[in-house]
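Peer 1: One structure, as structure tokens, below. Some questions next.
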Amino acid sequence: MTLDKETEQRIEQPVSEEAQRETRLTPAQAVEQMRINVPVRGNRKLRTLVERVNDDRQVKGWWHVANVNAVVRMQINDHSWVHIQIVTNIALKLLRQLTKHHVEPAVVRDYGMSRDDAEIVVVLGALLHCIGMSVHREGHEDWSLFLAEPKMRELLDGIYEEPELTVVVSEALQAITSHRADGEPLSLEAGVLRVADALDLAKGRSRIPFERGSVSIHSLSAAAIDEVRITDGGSRPVTVEIVMNNSSGIYQVDGLLKAKLRGSGLEPYVEVVAHIDTEAEKRLVPLYTLEI
């Protein structure tokens with residue numbers, strides 16, 4: 001099999017250059033360069049939360065250790081703050097697309113809270129969803145819960161009072177535990193995080209671990225994903241468009257993404273289409289629509 005240079009590079013180094021470079025820094029150097037950016041818009045609570053996270057060296061320390069465990073010790077895919085940044089922004093985008101089309105978040109429906117509060121739940125869950133990788137990959141979702149609960153209360157101090165504080169923390173923890181392979185989201189917000197984690201696909205950032213340098217369906221399909229776009233849908237509120245450079249990328253869409261979408265609660269609202277953006281394979285797979 002002959003691979004082009006870009007595909008070979010993605011298979012050899014299935015993590016971003018930034019995430020790799022971070023592993024060669026001291027912990028103090030690594031956390032210094034981390035800064036999460038999300039479009040807070042008019043959500044003052046979200047602005048305060050992001051500012052606190054960007055000043056929190058413990059959270060950043062967890063991200064650094066998680067990345068060292070994943071990239072250096074296990075030689076699998078990116079679990080650095082780069083992944084956190086991507087997932088957080090995708091999750092917030094998904095939630096805002098859904099609420100734009102009048103899909104009601106669970107904290108609004110069940111607790112009479114606001115859309116701003118739903119954004120806090122989603123972002124808080126996304127920021128802390130894989131800090132448990134700093135302990136071990138095996139059961140990392142459970143370790144994330146253990147570490148995240150007191151940290152969430154610290155980050156939300158003064159933003160919420162009881163009992164709303166416990167509501168927000170509990171909903172964010174549910175989102176974290178529901179992102180596991182056999183997770184069962186009980187809320188829209190948890191389903192959003194579950195799907196957002198799976199959508200960190202572009203430029204070889206597969207959520208399926210594969211051995212570095214190994215040419216397999218996992219590595220080939222991950223390298224085939226060029227871009228993920230989230231826009232207004234046609235028949236549904238949200239369209240997820242996946243741009244591929246070859247048809248092996250369908251393995252990521254039909255394998256990983258379908259599994260995360262099923263049972264997420266987002267099935268009625270999201271349509272997924274994938275297409276090839278090169279002339280060579282247009283006749284083979286002109287357009288692929290995921291059946292959920």
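Please treat every number below as a calculation from the coordinates, not as lab data. Nothing here was measured: the structure is a model prediction, and the numbers come from that model. Please note: Cβ atoms are built from the backbone with ideal geometry, for glycine as well, and neighbour counts cover all protein chains shown.
Peer 1: Which residue, 37, 87, 98, has the largest displacement toward the positive end of the dipole of the range 21-100 when charges sit on each Cβ (Lys, Arg +1; Asp, Glu -1)?
Peer 2: Of 37, 87, 98, it is 98.
Peer 1: Return an integer: the convex hull volume of the alpha-carbon atoms of the range 86-126, in Å³ per residue.
Peer 2: 53 Å³
Peer 1: Same structure again: Find out how many positive minus negative residues lie around residue 132, taking Lys and Arg as positive, Asp and Glu as negative, among other residues whose Cβ is under 14 Å from that of residue 132.
Peer 2: Residues close to residue 132 contribute a combined charge of -2.
Peer 1: Further, regarding this structure: Rg (Å, one decimal) plus Dmax (Å, integer) for the alpha carbons of the range 75-160?
Peer 2: 14.4, 45
Peer 1: Still on this structure, I have one more. What net charge is computed for the residues neighbouring residue 173, neighbours being all others with C-beta under 13 Å from the C-beta of residue 173, Lys and Arg scored +1, Asp and Glu -1?
Peer 2: My count for the surroundings of residue 173 gives -2.
Peer 1: Need the C-alpha centroid separation for the range 117-168 versus the range 40-105, integer Å.
Peer 2: So the two Cα centres are separated by 11 Å.
Peer 1: May I ask which of 45/260; 151/258; 93/151 have a Cα-Cα span longer than 27 Å here?
Peer 2: 45/260; 151/258
Peer 1: Rounded to whole Hz and in sequence order, give me ³J(HN,Hα) for the range 124-132 from the Karplus expression 6.51 cos²θ - 1.76 cosθ + 1.60, θ = phi - 60°, writing x for Gly and Pro.
Peer 2: After applying 6.51 cos²θ - 1.76 cosθ + 1.60, I find 4, x, 5, 5, 10, 5, 10, 5, x Hz.
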